[in-house]
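Participant: Starting off with a structure, shown below.
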Amino acid sequence: MSEQARKYDVAVVYRIYPKMSKPALGLPFSDDKERMAEVCLQSFRRSLGDLRAKVWVLLDGCPPSYAEMFRRVFAPEDLVLEPLPGIGNHGTFNRQIEILLQQEDAELVYFAEDDYFYLPDQFKFMTEFIHGNPDADFVSPYDHMDSYTMELHLKRTWLRVFQGRHWRTAASTCLTFLTTRSTLQKTQRIFRSYTRRNFDCSLWLSLTKENVLRPVDLLRWTVRQPFLVKVVAKAWLYGASQILFGKRRKLWSPVPGIATHMDFHALSPTIDWPALMREEANSSTDETVRPRA
């Protein structure tokens, strides 16, 4: 299907689960997963702005109220709800890959998780960046705190100004990211390794080839940070051929972040996310529903 014939700017598969993750403790609504998920969803819809998004929702073991949450936010013709019987994190991620590869509504594809909070009208900057930069294989909305605190990430990075925003390369991120359908097709083997118990950080390292080819680092981490040795070992276990022979992929993230993971100890820096969450919670959901043009 040609770009002109596509009806949507981005295809999204949004996975949601009714239990609270421990990292969210300490944030607003961390005692109420449904309310936190609703606030995050509202922020996601506001962040999309005028972008045309086709959204699939993987409702993994969710009660009916979760489906209603999405119906309030997205127009029915833009929404596909898929209830699942609690297949878990690995199973839903694999289903995201399947849907995004099979769909033909958009070339840009987005993996979304239910515990991200977004800034309004900012999502478009990711789509513009990936369209305007041929070396942008993947874009994360999250300026991960690990990039500033974890030794794995303390290295030289590329910094770029694009349309008034700063972007920089990252070694890894979590499993919320933007890419193209064609890039996903070429890299799906590495992503599917997550369903075989690979770490998310490890699969990204095999794609970006960052910090996996320096034995001196492994020797140092063996003593100081043995978990990092396990991360690199898994990158090699599941992605040796990609590391040795595959294309080095670039992952970019905005500075400051466009969104944050709901991890109390790893929020995207420089932004008061709890205050924005409370503000979003107090706003009406009526404005977030976008009827089809």
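The values are calculated or read from the model by the stated rules, or taken from the named source; none is laboratory data. What you see is a predicted model; the values in this text were computed from it and never measured. As a convention, Cβ positions derive from the backbone with ideal geometry for all residues, glycine included, and neighbour counts pool all protein chains shown.
Participant: I'd like to check something: does segment 104-115 contain any residue that is out of contact with any strand residue (DSSP E or B) (no Cβ under 8 Å at 6 or more places or on another chain), under 30 Å from Gly164 (Cα atoms) and modelled with pLDDT of 95 or more? So that I can check it myself, show each step before the final result.
Facilitator: Applying the first criterion (out of contact with any strand residue (DSSP E or B) (no Cβ under 8 Å at 6 or more places or on another chain)) to segment 104-115 yields 104.
Remaining after also requiring under 30 Å from Gly164 (Cα atoms): none.
Checking segment 104-115: not a single residue is out of contact with any strand residue (DSSP E or B) (no Cβ under 8 Å at 6 or more places or on another chain), under 30 Å from Gly164 (Cα atoms) and modelled with pLDDT of 95 or more.
Participant: Only residues in segment 146-174 that are farther than 16 Å from Leu267 by Cα and modelled with pLDDT under 90 count as the first member; pair them with residues that are surrounded by 15 or more Cβ atoms within 10 Å (Cβ to Cβ) and among the acidic types (Asp, Glu), Cβ under 8 angstrom, at least 6 apart or cross-chain, and list the lot.
Facilitator: Leu152/Asp146; His153/Asp146; Lys155/Glu210
Participant: Quick one: count up the residues across segment 100-144 that are over 15 Å from the mean Cα position of the chain (by Cα) and either within 22 Å of Lys7 (Cβ to Cβ) or surrounded by fewer than 19 Cβ atoms within 10 Å (Cβ to Cβ) (or both).
Facilitator: The number of residues fulfilling the criteria is 15.
Participant: Would you pick out the residues in segment 60-101 that are within 19 Å of Arg196 (Cα to Cα) and out of contact with any strand residue (DSSP E or B) (no Cβ under 8 Å at 6 or more places or on another chain)?
Facilitator: Asn89, His90, Asn94, Ile97, Glu98
Participant: Keeping to segment 35-68, report how many residues are farther than 20 Å from Ala11 by Cβ and surrounded by 19 or more Cβ atoms within 10 Å (Cβ to Cβ). It would help to see each step written out before you state the result.
Facilitator: Initial filter on segment 35-68 (farther than 20 Å from Ala11 by Cβ): 35-39, 42, 61-66, 68.
Then drop every residue that is not surrounded by 19 or more Cβ atoms within 10 Å (Cβ to Cβ), which leaves 36-39, 42, 62, 66.
Result for segment 35-68: 7.
Participant: Could you please find all residues in segment 147-172 being polar (S, T, N, Q) and in contact with a Ser or Thr (Cβ under 8 Å, 6 or more places away or on another chain)?
Facilitator: The answer is Ser147, Thr157, Thr169, Ser172.
Participant: From the set of residues in segment 73-89 that are in contact with a Ser or Thr (Cβ under 9 Å, 6 or more places away or on another chain) and within 20 Å of Tyr8 (Cβ to Cβ), which is surrounded by the fewest Cβ atoms within 10 Å (Cβ to Cβ)?
Facilitator: Val73
Participant: Also, quick follow-up: Restricting to segment 240-266, name every residue that is part of a helix (DSSP H, G or I) and more than 30 Å from Glu128 (Cβ to Cβ). Outline the logic, then answer.
Facilitator: Filtering segment 240-266 for residues part of a helix (DSSP H, G or I) gives 240-245.
Residues satisfying the conditions are Ala240, Ser241, Ile243, Leu244, Phe245.
Participant: Continuing with the same structure: So which helices (runs of 4 or more DSSP H) stay within segment 1-115 end to end and still have 2 or more residues that are more than 28 Å from Gln188 (Cα to Cα) and touching a Leu at 6+ places or on another chain (Cβ under 7 Å)? Steps first, please.
Facilitator: Working: elements: 33-48, 64-73, 88-102.
By residue number, 64-73.
Participant: Of the residues that sit in segment 236-272 and are at pLDDT 95 or above, aromatic (Phe, Trp, Tyr) and surrounded by 15 or more Cβ atoms within 10 Å (Cβ to Cβ), which one is nearest to Thr195 (Cα to Cα)?
Facilitator: The qualifying residue nearest to Thr195 (Cα to Cα) is Tyr238.
Participant: Quick one: would you say Ser43 is of a type in the set (Ser, Thr, Tyr) and more than 20 Å from the chain's Cα centre (by Cα)? Explain how you work it out, then say what you get.
Facilitator: Details: of a type in the set (Ser, Thr, Tyr): yes; more than 20 Å from the chain's Cα centre (by Cα): no.
It is false that Ser43 is of a type in the set (Ser, Thr, Tyr) and more than 20 Å from the chain's Cα centre (by Cα).
Participant: Kindly indicate the residue of segment 172-198 that is under 21 Å from Tyr116 (Cα atoms) and out of contact with any Phe, Trp or Tyr (no Cβ under 7 Å at 6 or more places or on another chain) and also surrounded by the fewest Cβ atoms within 10 Å (Cβ to Cβ) among those meeting that condition.
Facilitator: Result: Thr180.
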